[in-house]
Amino acid sequence: MLKHIIDLLQLDEFYEGSHDVQIAKGLYNYEKGIKGIYKQKKRMEILKKKNSEHLKKHKEWQKLNK
């Protein structure tokens, strides 16, 4: 089953995946090449944007439920 998960992760970059997927794809890897560094930075920026949107929605929800 683990082999199937690894094979699935290798099919695409999955930039819009969950935080667990980002870690599995190498979010905290130490990249050496330009291409690898670019992909890692792109992955980090998308995750930051996703997290900030989630926090914004959470704060709005808290305001509505006071």
*Between Lys57 and Ile37, what length in nm is gained on full extension when 0.36 nm per residue of separation is reduced by their alpha carbon distance?*
4.2 nm
*So for the pair Lys66, Glu13, with labels modelled 7 Å out along Cα→Cβ, what separation do we get in nm?*
4.0 nm
*14 Å beta-carbon shell around Lys66, net charge (K/R +1, D/E -1)*: +1
_Distant alpha-carbon pairs in the chain (separation over 14 angstrom), percent_ = 65 percent
*Please calculate how many Å² of accessible area the chain carries per residue, with a 1.4 Å probe and no DNA, RNA or ligand atoms counted.*
92 Å²
*May I ask you to give the percent of accessible area on the chain that is carbon plus sulfur, with a probe radius of 1.4 Å?*
60 percent
*When we measure straight from the Cα of Lys39, which aspartates and glutamates land under 16 angstrom away, once same-chain ones fewer than 8 places off are left out?*
Asp12, Glu13, Glu16, Glu31
*Keeping all protein chains in position, work out how much accessible area Glu45 exposes to a 1.4 Å probe, and write it in Å² to the nearest 10.*
110 Å²
*Pick out, from Gly17, Gly33, Ser52, the residue whose Cα sits farthest towards the positive end of the charge dipole of the chain, with +1 on the Cβ of Lys and Arg and -1 on the Cβ of Asp and Glu.*
Ser52
*Only helical DSSP H runs with n ≥ 4 go in: add -39500 (n - 2.57) per run for the chain, normalise by residue count and round the 222 nm mean residue ellipticity to 500 deg cm²/dmol.*
-22500 deg cm²/dmol
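The values are calculated or read from the model by the stated rules, or taken from the named source; none is laboratory data. Since we're looking at a predicted model, the values are computed, not measured. Using ideal geometry, Cβ is built from the backbone for each residue, glycine included, and neighbour counts are taken over all protein chains shown. For the accessible areas, the whole protein counts, side chains as well, though only heavy atoms, and no ligand, DNA or RNA atoms are used. Shrake-Rupley method; radii C 1.70, N 1.55, O 1.52, S 1.80 Å.
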